[in-house]
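One structure below.
Read-outs throughout are calculated quantities, based only on the coordinates presented, and are distinct from any laboratory measurement. The structure displayed is predicted, hence computed values, not measured ones. When we count neighbours, we look across all protein chains shown, and the Cβ atoms used for this are built from the backbone with ideal geometry, even at glycine.
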Amino acid sequence: MSQSKKGAKFTSSLGFILTAAGSAVGVGNIWRFPYLAARDGGGLFILIYLILVVTFGFTLLTSDIAFGRKTGQNALRAYGTANKKWNFLGKITFLVPAIIMTYYSVIGGWVLKYVAVYITGDKAEAASDSYFMDFVTSKISPVVFMLIFLAITAFIVYCGVEKGIERFSKFVMPGLLVMIIAIAIYSLTLKHTDASGAARTGLEGLAVYLIPDFSGLTVGRFLNILLDAMSQLFFSLSVSMGIMVTYGSYVSKETDLSSSISKIELFDTGVALLAGMMIIPAVYVFSGIDGMSSGPSLMFVSLPKVFESMGGAGTFIGLIFFLMVTFAALTSSVSIMETLVANCMEIFHSTRKKTSLIIGILSLAASVLICLGYNIFYFELKLPNGSVGQLLDVMDYISNSFLMPLTSLLSCILIGWVLKPKWIQEEMEYGGKKFRRKRLYSCMVKYIAPVIMAVLFIQSVGLL
Ligand code: PFF
């Protein structure tokens, strides 16, 4: 959907739900969610995440989508249209996709590399512990794969995404879901005895994934898990970065927003939970509890081991799986770049083709730097949440843990205290539709969300 085309609309509610889900479901669900869940001890993270989805996720998604539909404007203009003094908020939300774009295509490139691995039949090497690290720390290969991923993204945006994305999402999303469920079931049947003679099963791994462990929990650790879960929520639902505001402005007035929002929440969270179920038991089986803290490399190290254990069929299943993830990543990266391009077209009054080229080249330069963050520009920085990160993790932290609580805090103040929740309620109830969880929304947007966002923001800069 192009923002620049006045009157652009989704053709149906289903088209809207799938396109929004296409933006929401991406490497965030399949790569980021499982590694955070594993690092933060499994069950407790899941519990906190689920509570956040039905409270904060619902509130932020409702705010974004209803805001867009009510004002009929993209994010850059929507806040200023509602209240002139708040025009600056549109500009801040624009920063987030700009930062995410720099590393999203790097991860998209990693996924593409694994597509290539399964095409060339190198699945045994890919299952070794050092394969992924050898790849990301090499100087040329990650840049080449990132470049291919970025070029495809820029090409789709360059051509205009109106028809493509809606149609594309309709077959990729259900296909991905079926694959993930099948691999998750297989993961639960795994069994492995390591060199020290310890035997572990997939079902034991499932228990680690799902059962919360409160032992040794401190306030600081709880806040860190909360910040991780909240940052994941923003990233995964694509909220507080203008994208859903823009999509909201394309939704027709007949669409039942409340039910569409519930479906997007359910789909996004369902995919993330299942992705965890596919990856975490496998990590546990092959690498034990120690393997769970391996961070961003988790999916790329553990899944090849699962595919290797499947014998001959593993090559084919691995290929289809990484292809599906590539498609899911593409629908998300296109939504990120589309926002950047559409906003820049508006700011600079430039054409789509010229703007896509310039944004493509700028993204390329930034992404090359991120790739080199694993070799030439390698450093280890202790982040305020206690984890140690490289350049990619630092960018991820700035956008998801620092900027997003800030933009959410500001948008909650605008809606809760300046415009008042009734302003959103009217839009949700337009045409006699029912606004489910209406009271929860008012209470969240006015009191709970601003307080928690402020705490998380302070926590994210390391002051707590
Ligand atoms: N929600 C996407 C994912 O989970 O992979 C990532 C994403 C898309 C982030 C769009 C930000 C965005 F604007």
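Observations on the model:
- Three-way shape label, region 184-320, alpha-carbon gyration tensor, a/c 1.5: oblate
- Screening the chain for DSSP H helices whose Cα atoms reach 15 Å or more along their own axis and whose mean Kyte hydropathy is at least 1.0 gives 13-24, 87-120, 141-159, 162-188, 219-237, 257-287, 298-309, 313-348, 352-372, 449-460.
- Between the listed residues ALA127, LEU440, LEU303, the Cα displaced farthest toward the positive end of the dipole of the chain, a dipole computed from Cβ unit charges relative to the Cα centre, is found at LEU440.
- Value in Å of the Kirkwood radius, where the chain supplies the Cα pairs that are averaged: 22.3 Å
- The residue among ALA328, GLN232, ALA454 whose Cα reaches farthest toward the positive pole of the charge dipole of the chain, with charges on the beta-carbon of Lys, Arg, Asp and Glu, is ALA454.
- Point-charge dipole on Cβ atoms (K/R +1, D/E -1) for the chain, about Cα centre, debye to 20: 1860 debye
- Paramagnetic reach from ASP129 (point 7 Å along Cα→Cβ, amide N under 19 Å) across region 285-312: 285-309
- For region 361-435, the equivalent ellipsoid built from the Cα gyration tensor has semi-axes of 40, 16, 10 Å, listed from largest to smallest.
- The protection proxy used here, the mean number of other Cβ atoms lying within 10 Å of each residue, ranks peptides 374-385, 424-435, 36-47 as follows, highest first: 36-47, 424-435, 374-385.
- R0 of 30 Å, Cβ-Cβ distance ASP256-ILE320: FRET efficiency to nearest 0.05: 0.30
- Alpha carbon centroid spacing (whole Å) that separates region 203-249 from region 375-444: 12 Å
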